[in-house]
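These notes are about the structure you will find just below.
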Amino acid sequence: MYDLIIVGAGPAGSTLARRIGNHHKVLLLDKRDLHSPVHFAGAAEKCCGGLLNPEAQDALTEQGIALPKRILEDPQLFAVRAIDFDNHMERVYPKRYVNIDRVAFDRYLIELAEQEPGVSVMEQTLVQDFEQLEDRVRVRILHKPSGEVRYLEGKILVGADGAASIVRKRLQERYLIPVSGSLLSGAPREYTCLQEHYALPESFSMPYHAAIFDQYVTDFYSWMIPKGDRLLLGTAIPAGENVRLRFSKLRAELIGLGYPLTEAPIYRSGAKLLRPRPMGSVVSGKDRVFLCGEAAGLISPSSAEGISFAIRSGAYLAEALAKPEKGRHKAYDKALCKMKIDLCIKSMKSPVMYRPELRGPVFVSRLLSIKTKDVHYGGLS
Ligand SMILES: Cc1cc2nc3c(=O)[nH]c(=O)nc-3n(C[C@H](O)[C@H](O)[C@H](O)COP(=O)(O)OP(=O)(O)OC[C@H]3O[C@@H](n4cnc5c(N)ncnc54)[C@H](O)[C@@H]3O)c2cc1C
């Protein structure tokens with residue numbers, strides 16, 4: 001029997017495994033093929049923009065982690081070009097991001113976790129369900145290569161399995177944790193993300209990443225990020241809307257501004273995104289089950305950045321699990337308080353970013369923007 005079974009080897013799960021694997025027998029499970037040589041193979045991919053914001057950089061530093069060069073993508077970016085189709089304007093703002101290869105990043109964090117004596121990793125393994133028994137948790141898994149269904153047991157189960165978390169879903173069903181949402185609290189708003197990678201001609205200079213605002217595409221935002229010889233175009237569209245249609249509109253608008261998106265994409269991926277409410281979208285677990293990272297609802301509601309929350313919550317959970325059994329949930333909830341406040345503050349920023357009538361005056365004021373010598377695309381002012 002394992003001390004801890006962690007579902008999901010993203011930044012949350014691998015941070016937790018690394019922090020706790022010295023003293024405990026830990027199994028880190030993931031449905032992905034973590035050794036696939038092709039980064040964009042569906043089984044290996046994580047649909048993500050792959051930008052580390054300053055909070056994520058700080059979270060890595062707190063963990064004593066520096067990144068090897070092989071994880072960095074070309075070019076490194078120091079600015080965001082905000083393209084506002086609603087107000088027909090654009091501005092450039094300073095943003096100190098680190099541009100990474102997300103698959104290589106996840107694998108590096110897993111490698112670090114595997115160096116701990118108690119950690120074993122099981123890949124291509126889909127967790128299908130679990131049940132809490134009196135003194136342990138029994139987990140049903142599907143080993144994908146063999147098609148075999150097996151059962152594993154652990155004293156504690158951790159759902160670090162991202163936005164579409166099966167662990168969170170089952171917990172909510174079984175313990176009737178409220179899922180209905182009001183404007184401020186309750187269930188997060190659901191989005192469907194789509195990302196496409198296009199060949200990026202060497203001659204096309206893009207010394208920034210772009211954030212695109214267009215109410216006809218989404219009430220959230222879209223993004224373009226140069227990644228070596230590729231250009232990544234992504235968007236998050238409210239669940240239930242026609243994703244293909246809205247994505248086509250976005251692409252056509254950007255082609256109109258001169259971006260090289262006319263050829264067929266090299267690769268496409270999708271993911272669910274849960275945008276938290278200012279209060280009450282975070283679920284930390286129950287009894288022998290804990291949640292961390294995006295599975296717990298920890299992701300920025302204003303920018304969908306979640307890597308810093310994942311790393312920090314994984315580390316907080318490791319500290320809480322080191323406490324006597326009775327005080328663990330309390331200790332973890334206390335540690336998450338600061339993150340919940342952070343989510344609340346980020347939510348307050350959202351109206352200015354996402355309501356065209358509020359964003360327009362900010363653009364007009366040029367507050368905090370960088371004066372660039374180069375062009376304005378396609379006639380935007
Ligand atoms: C389109 C998009 C772009 C984003 N861009 C950025 C960005 O640029 N910067 C940023 O900071 N954040 C970004 N985010 C958010 C960020 O990707 C997540 O918040 C972060 O990855 C969360 O880490 P995690 O470890 O909690 O979960 P994840 O990284 O999602 O890891 C969950 C893991 O669980 C595994 N898993 C899931 N279900 C099962 C199961 N049933 N059985 C076994 N394994 C399972 C998955 O394979 C995955 O490896 C983006 C999100 C999306 C959707």
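The values are calculated or read from the model by the stated rules, or taken from the named source; none is laboratory data. Keep in mind that what you see is a predicted model, and the values were worked out from it rather than measured. Ideal geometry is used to build each Cβ from the backbone, glycine not excepted, and the neighbour counts take in all protein chains shown. All accessible areas refer to the heavy atoms of the entire protein, side chains included, with ligands and DNA or RNA removed. Shrake-Rupley method; radii C 1.70, N 1.55, O 1.52, S 1.80 Å.
Evaluated against (1) within 13 Å of the chain's Cα centre (by Cα); (2) modelled with pLDDT of 95 or more; (3) more than 10 Å from the ligand (Cβ to nearest atom), GLY306 falls short on exactly one condition, (3).
For segment 320-363, residues that are more than 30 Å from ARG19 (Cα to Cα) and either open to solvent by 100 Å² or more (accessible area, probe 1.4 Å) or in a loop (DSSP other than H, G, I, E, B) (or both) total 4. Could you tell me whether GLY270 is within 16 Å of the ligand (Cβ to nearest atom) and surrounded by fewer than 16 Cβ atoms within 10 Å (Cβ to Cβ)? For GLY270, the condition - within 16 Å of the ligand (Cβ to nearest atom) and surrounded by fewer than 16 Cβ atoms within 10 Å (Cβ to Cβ) - is met.
Residue by residue, here is whether (1) open to solvent by 10 Å² or more (accessible area, probe 1.4 Å); (2) more than 20 Å from ALA9 (Cα to Cα); (3) within 14 Å of the ligand (Cβ to nearest atom) holds:
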{"residue": "GLU55", "(1), (2), (3)": "yes, yes, yes"}
{"residue": "GLN63", "(1), (2), (3)": "yes, no, yes"}
{"residue": "PRO68", "(1), (2), (3)": "yes, no, no"}
{"residue": "GLU73", "(1), (2), (3)": "yes, yes, yes"}
{"residue": "ASP101", "(1), (2), (3)": "yes, no, yes"}
{"residue": "PRO117", "(1), (2), (3)": "yes, no, no"}
{"residue": "MET122", "(1), (2), (3)": "yes, no, yes"}
{"residue": "THR125", "(1), (2), (3)": "no, no, yes"}
{"residue": "ASP129", "(1), (2), (3)": "yes, no, yes"}
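Within segment 194-253, the residues that satisfy the criterion of being within 19 Å of the chain's Cα centre (by Cα), part of a loop (DSSP other than H, G, I, E, B) and buried (at least 20 other Cβ atoms within 10 Å of the Cβ) are THR218, PHE220, TYR221.
For segment 5-24, the count of residues that are touching a Phe, Trp or Tyr at 6+ places or on another chain (Cβ under 9 Å), open to solvent by 50 Å² or more (accessible area, probe 1.4 Å) and more than 14 Å from the ligand (Cβ to nearest atom) is at least one. Here's a check for you: in segment 265-287, which residue that is closer than 23 Å to ARG32 by Cα and part of a strand (DSSP E or B) is modelled with the lowest pLDDT? That would be TYR267. State yes or no: is ARG96 at pLDDT below 95, charged (D, E, K, R) and open to solvent by less than 30 Å² (accessible area, probe 1.4 Å)? In short, no.
If you check ILE311 against the conditions, is it under 22 Å from the mean Cα position of the chain (by Cα) and either closer than 23 Å to GLU45 by Cα or of a type outside the set (Ser, Thr, Tyr) (or both)?
Against the criterion (under 22 Å from the mean Cα position of the chain (by Cα) and either closer than 23 Å to GLU45 by Cα or of a type outside the set (Ser, Thr, Tyr) (or both)), ILE311 qualifies.
Before we move on, is ARG107 in contact with a Phe, Trp or Tyr (Cβ under 9 Å, 6 or more places away or on another chain), in contact (Cβ under 8 Å) with a residue 40 or more places away in the chain and either outside any strand (DSSP E or B) or near the ligand (Cβ under 10 Å from one of its atoms) (or both)? Against the criterion (in contact with a Phe, Trp or Tyr (Cβ under 9 Å, 6 or more places away or on another chain), in contact (Cβ under 8 Å) with a residue 40 or more places away in the chain and either outside any strand (DSSP E or B) or near the ligand (Cβ under 10 Å from one of its atoms) (or both)), ARG107 does not qualify.
Per the conditions (1) open to solvent by 10 Å² or more (accessible area, probe 1.4 Å); (2) at pLDDT below 95, the sole criterion not satisfied by PRO301 is (1).
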